[in-house]
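Accompanying notes for the structure given below.
A short reminder: the numbers here are calculations on the coordinates, not readings from a lab. Everything numeric here is computed off the predicted structure, so don't read it as measured data. Neighbour counts are summed over all protein chains in view; Cβ atoms, including those assigned to glycine, are modelled from backbone coordinates with ideal geometry.
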Amino acid sequence: MILRMRGIAKSFLGVRVLHGVDLDVAPGEVHAVVGENGAGKSTLMKIIAGVHAPDEGTMEIDGVPVSFGHPVQAQRAGVAIIYQEFNLLPERSVAENVFLGREPVRRGLVDRSAMEAATARLLAELGETSFGPRAPVRRLSVAQQQVVEIVKALSQDARIIVMDEPTAALAGHEVELLYALVARLRERGIAVLYISHRLREVFDLADRVTVLKDGALVRTAGTGDVDPGELVRLMVGRDLGTYFPPRGTGPGQVRLSVRGGGNAVLDGIDLDLRAGEILGVAGLQGSGRTELAKALFGAEPFTRGTMSPLRPASVRQAVAAGIGLVTEDRKAEGLALRQSVRDNALLVARSVRRRGRDAPGRDGAPGRAGGSGRDGVTGLLEAVRLQPPEPGREVRFLSGGNQQKVVLAKWMTVAPETLIFDEPTRGVDVGAKAAIHDLMRGLANDGMAIMMISSELPELIGMSDRVVVMRDGRLAGELPPGPSEEAVMRLAAGEATP
Amino acid sequence: MSDHADSAVARRAAAPEPAVPPPGGPAPEDGQRRARDGAGNGGGRRWAGIGPTQVIYLALLGVMAAGWVLVAIDGGDFLTLETVVGIQQRSAALGIVAVGQTLAILAGSLDLSVAYVISLTSLVAAEIMAGRDGGILPALAAALAVSALIGLVNGLVITRLQVHAFIATLGTALIVKGVLDHLYDGPAGRVPESFQRLGYDRLGPVPVSALLWAGVAAAAWFLLRRTRLGYRIYAVGGDAEVARLSGVRTGRVIVATHVLCSVCAGIAGLLLASRLGAGAPTVGTDGGYDLESIAAVVLGGTALAGGRGGVGGTVGGVLLLAVLDSVFNQLEVNAFAKDVVRGVVIVAAVAVYARRTSRRRSR
């Protein structure tokens, strides 16, 4: 075994994300690591690559115990990691990127020709002829940049290469090229740790597969010893012990309707969203879920197709038409962290006036009574159950759950007819999760149309009146209330069409 | 901590299809349309185009041609020996400062203290020389040491105390200013005649000061193109995190660029002392070397955020500013109009670069 990990455990801020995981990888082996979002794959890989140090457990490379305090130490020990977000300098050449930080020198000066020759040799060994060592990285396609990352790893004499969802950004035919590359790495005796959701890739490429679930090792098996269905069950099987608020009484009129919607990422989107329902949107990372939300919200607008009441070309138009978005990344996109709860809650109301009405307020519905004054905000914060409801606090001091409630309050002020939630409970503790679920259902019962994107399948299934599944920028199918996780995963991974 | 998917998707979105055209602008040319799909001979002559450095020299030629025509219409003669020498002399001090500034900006930093460093070194040098030939060497050593020390402080404040370069160097500038204002009311010290030759002698049409500038620029060019430090300056300015994860000690690189930038300001201070025959507490600020050097760097196509550009562009930027000056002087245009035109030129140049960059940007 080139890599041997035993009992690896890791917690972040008191939340345990890995529980005693074991992993063995042999030279020349392609070892897939699969699991749902949040299963701990990325954390495990970052531990191997020296980005995080494990709290417990041991790691050996070639039988020698190692512990990395910095990614560079892992590199020196022969571990390279290729992230989805490449670590390349777009303005520099391929060779300069490959040898960054390790430029060969001769008599004190950088030996450019040696650098380029070595890069050219590695490119040739990988069968890459479409670009040379002098090409600026910014001119390369995503697939070519991936090759540069692999060359960089090889030039560091990496013996273990971790690839994090390497096909997520590749077009179909580029995936074939990646397969060929991985095969070459295997021939060189390099161990490849291959993280992917896509079961077909796992069975095409990997010798063995390790399944993680909720931070724990479920099973490691040869890919010949399991079938895809079993793998899906291993990935998702769990007790659905969580409580979700009861579903609504049935949908009302159509609030939002898209026909043939498309843009650079999305294509052929047909979707109706009705008053009073929660529509769940499932899909793997990169399937276009967030892009769908942003298209409906006018942030990355549709460029094709029709949408009623209107196809927003900007966020302002969408908000004026009664569409709101609770973003996936609330810290970057949803909140001004250094401003007060009040300022955040009033952000939308102050910027956009809903057409045909004064900013806040239809009567009767909880949370919509918010005026723009002091009392209004307090009422609003009570309606979203912010604890404690202090309008003056800076948002950054709030917990994740409370921050999300402030985002919600922000939208209440303009009383949208349609509210899109992108990962509404990510990074939120269990109690706040339930409160947010209750709020969402309450809003739907009051007649709001809600679309919810979530990577947590139990949440999505438990909350949604209908589930649509996205794959490669399209709607892969729709499932009735309460589908099984396996049914969702099959659609999402392209295992079956309904 | 696991979700890079969105940016990955965004990138995919950018690759196979042109992104949504910004309102009012043409669709961005999809510079990275996958070479693999066809022609992909990698380097991609198709996208070759001309870089900012070429743009600035073309602009320089254009301004010279326009100046020649305008001056001729005005009844003058543009390219006389006198004007050529004048352009070189005017640009030498700014040029030297701007070369140093280029290094700092390429590394993603910048230095607002150069103007006061210039004043300080002019005084240090003139005071130590005190009109004696024997004082020249100690004065040079002291001036360069003082400027290097200031650069070191700038660099350490930025990297160790994590103060943004803008504030760190502004603070240094204020400190030096306070000291100078306290100690001096006007010019002080005296430079011996032999040292004044640096500022006034010339070899044929080429002033010695221009040669000094050329030497400094060539050294910086060599540093950037042939040494590890040069490569790492680009890396740190391009993406400090990528550099760090590749084992580059990013802090050291930034400190080194600040020391070099400050030393360049010190050299400019020496040159100005030689011209004035003395040191002066306002020689740096009167010349506006702080903001003007940054303007020249940016005019030369170096990205203010770092990681892209080079010394060649900066030299062109400085020359362009000097030629503009020379044209205006010959046409005897009012000085305020001159500033307006300079402002327009700088903003227009950066707008042109921004447009070119956004067209070919890969992330």
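Normalised by residue number, the volume inside the convex hull of the Cα atoms of the range A:254-493 is 106 Å³ per residue. Charge dipole of the protein assembly as shown (Cα centre as origin; +1 on each Lys and Arg Cβ, -1 on each Asp and Glu Cβ, all else neutral): 660 debye, rounded to the nearest 20. Amide H to amide H distances under 5 Å link A:Val30 with A:Val192, A:Asp207, A:Arg208, where only residues 5 or more positions off or on other chains count and H is placed in the peptide plane.
Here, the protein assembly as shown is characterised by an Rg to Rh ratio of 1.03, where Rg is the alpha-carbon radius of gyration and Rh the Kirkwood radius. The Kirkwood hydrodynamic radius of the range A:3-236, based on inverse pair distances between different Cα atoms, is 18.3 Å. Farthest towards the positive end of the charge dipole of the range A:3-236, among the residues A:Val218, A:Val162, A:Leu109, is the Cα of A:Leu109, using unit charges on the Cβ of Lys, Arg, Asp and Glu.
From its DSSP helices (H runs of at least four residues, each -39,500 (n - 2.57)), chain A gives a residue-normalised ellipticity at 222 nm of -9000 deg cm²/dmol.
Under a point-charge model restricted to the Cβ atoms of Lys and Arg (+1) and Asp and Glu (-1), what is the dipole moment magnitude of the range A:254-493 relative to its Cα centre, in debye to the nearest 20?
820 debye
Find the Cα radius of gyration of the range B:137-196, compare it with 2.2 N^0.38 Å by division, and give the number to two decimals.
Values: Rg = 14.7 Å, N = 60, 2.2 N^0.38 = 10.4 Å.
This ratio for the range B:137-196 stands at 1.41.
The aspartates and glutamates within cross-link reach of A:Lys405, meaning a Cα-to-Cα straight distance under 15 Å and a gap of 8 or more places when in the same chain, are A:Glu328, A:Asp329, A:Glu333, A:Asp343, A:Glu382, A:Glu390, A:Glu394, A:Asp422, A:Glu423, A:Asp429, A:Asp438. Amide H contacts for A:Leu325 (H built 1.01 Å from N in the peptide plane; partners 5 or more residues away or on another chain; cut-off under 5 Å): A:Ile420.
Compute the Cα gyration tensor for the range B:239-323, then decide on rounded, prolate or oblate, letting a ≥ b ≥ c be the square roots of its eigenvalues: rounded whenever a/c is under 1.5, prolate when a/b is larger than b/c in the other cases, and oblate in all that remain. Verdict is oblate for the range B:239-323. Straight Cα distances below 16 angstrom link A:Lys410 to the lysines A:Lys331, with same-chain residues fewer than 8 positions distant left out.
Which ordering of B:Leu70, B:Leu58 is given by a fewest-first count of other beta-carbon atoms within 10 Å?
Numbers: B:Leu70 16, B:Leu58 12.
Least crowded to most crowded, the residues run B:Leu58, B:Leu70.
The mean count of C-beta atoms from other chains within 10 Å of the C-beta of residues in A:254-265, rounded to a whole number, is 2.
Determine the shape class of the range B:52-149: with a ≥ b ≥ c the square roots of the Cα gyration tensor eigenvalues, call it rounded for a/c under 1.5, and otherwise prolate if a/b is greater than b/c, oblate otherwise.
oblate
Site pair A:Ser399 and A:Leu310 shows an inter-label distance of 4.1 nm when each label is modelled 7 Å from Cα along Cα→Cβ. Spin-label pair B:Val85-B:Ile175: with each label point 7 Å from Cα along the Cα-Cβ axis, the two points sit 4.2 nm from one another. Once you have a ≥ b ≥ c as the square roots of the Cα gyration tensor eigenvalues for the range B:174-232, tell me rounded if a/c is under 1.5, and otherwise prolate or oblate according to whether a/b is larger than b/c. It is oblate, given that a/c is not under 1.5 and a/b is not larger than b/c. Roughly how many whole Å is it from the C-alpha centroid of the range A:264-286 to that of the range A:379-410? So the two Cα centres are separated by 28 Å.
Counting, for every residue in A:85-96, the Cβ atoms of other protein chains within 10 Å of its Cβ and taking the mean gives 6. Of the residues A:Val218, A:Val98, B:Val206, A:Val281, the one with the fewest other Cβ atoms within 10 Å heads the list, and the complete ranking is B:Val206, A:Val218, A:Val281, A:Val98. For peptide B:243-252, the mean count of partner chain Cβ atoms within 10 Å of a residue's Cβ comes to 5.
Kirkwood radius, chain A, all distinct C-alpha pairs, inverse of mean reciprocal distance: 24.6 Å.
Assuming R0 = 25 Å, what is the FRET efficiency of A:Thr220 and A:Asp55, from their Cβ-Cβ distance, to the nearest 0.05?
For A:Thr220 and A:Asp55, the calculated efficiency is 0.70.
With R₀ set to 45 Å, the beta-carbon distance separating A:Gln339 from B:Leu149 gives a calculated FRET efficiency near 0.60. If only the Cβ of Lys and Arg carry +1 and only the Cβ of Asp and Glu carry -1, the dipole of the range B:93-312 around its Cα centre is close to 780 debye. Per-peptide packing, taken as the mean over residues of other Cβ atoms within 10 Å, places A:17-25, A:105-113 in the sequence A:17-25, A:105-113 from highest down. Tally Lys and Arg at +1 and Asp and Glu at -1 over the other residues with C-beta under 14 Å from the C-beta of B:Gly76: what net charge comes out? Charge balance in the 14 Å sphere: -4.
Taking the DSSP beta bridges with both ends in the range A:254-493, the antiparallel portion is around 45 percent. For the protein assembly as shown, DSSP calls about 55 percent of its internal beta bridges antiparallel. Using a cut-off of 19 Å between alpha-carbon atoms, which lysines can reach A:Lys46, once sequence neighbours fewer than 8 places away in the same chain are excluded? The reachable lysines, counting only those whose Cα sits under 19 Å from A:Lys46, are A:Lys10, A:Lys152, A:Lys213.
Centre-to-centre separation between the Cα atoms of the range A:324-343 and those of the range B:180-207: 58 Å.
Centre-to-centre separation between the Cα atoms of the range B:68-147 and those of the range B:257-313: 7 Å.
Residues A:Asp214, B:Asp290, ranked from the fewest to the most other C-beta atoms within 10 Å, line up as A:Asp214, B:Asp290.
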